[in-house]
Amino acid sequence: MDENMPLYPISVAARILGMHPQTLRLYERHGFVEPYRRGNQRLYSIRNIEHLKYIKELSDNGVSLSGIELVLSLKKELEELNSRVSILESENKRFRERIKELLPPLPETYVKRTLDIYFFKMKYGSNSSEGDDKK
């Protein structure tokens, strides 16, 4: 079943959630939930119900309406950032695979020398020229 399908009128949604229908209207006015509208009738989806359960939990734990607004805003921002991270990780993977296709592998001695120089600079500072060209 599609989670976004509008199924429940406000009276049923309120009963499922253990809330008064007026509370659901208040949450809608604050932009916390956007039920499907058929004329004057509000219909709530399973996704709406799950979202409202989260809001109810916040409210039951003493979070104010402005606090809920902030939490929902931060949650949305986090979801967007996680989505961007996933996209960037897949692009990174594609680029790394493409680089492996285009570049021949580096000789092991070159890699070891480069790492030795890097760790030397990390340990003693990058101003030291020792280790740069002395191998």
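The values are calculated or read from the model by the stated rules, or taken from the named source; none is laboratory data. Remember, predicted model here, so these are calculated numbers, not experimental data. Positions of Cβ are generated from backbone atoms using ideal geometry, with glycine treated the same way; all protein chains shown enter the neighbour counts.
Odds and ends about this structure:
- Test: residue in the range 89-103 that is of a type in the set (Val, Ile, Thr), over 30 Å from Leu7 (Cβ atoms) and loosely packed, with under 13 Cβ neighbours inside 10 Å: yes
- Filter pass, Asp116 being at pLDDT below 95 and in a helix (DSSP H, G or I): yes
- The range 29-57, subset of a type in the set (Phe, Trp, Tyr) and over 14 Å from Ile10 (Cα atoms), residue surrounded by the fewest Cβ atoms within 10 Å (Cβ to Cβ): Tyr54
- The residues of the range 58-72 that are surrounded by fewer than 11 Cβ atoms within 10 Å (Cβ to Cβ) and within 22 Å of the chain's Cα centre (by Cα) amount to a single one, Ser66.
- Figure legend. Inter-residue proximity from the range 70-98: first residues in contact (Cβ under 8 Å) with a residue 12 or more places away in the chain, second residues assigned to a helix (DSSP H, G or I), beta-carbon distance below 7 Å, spacing 6+ or different chains. Indicated pairs: Val71/Leu58.
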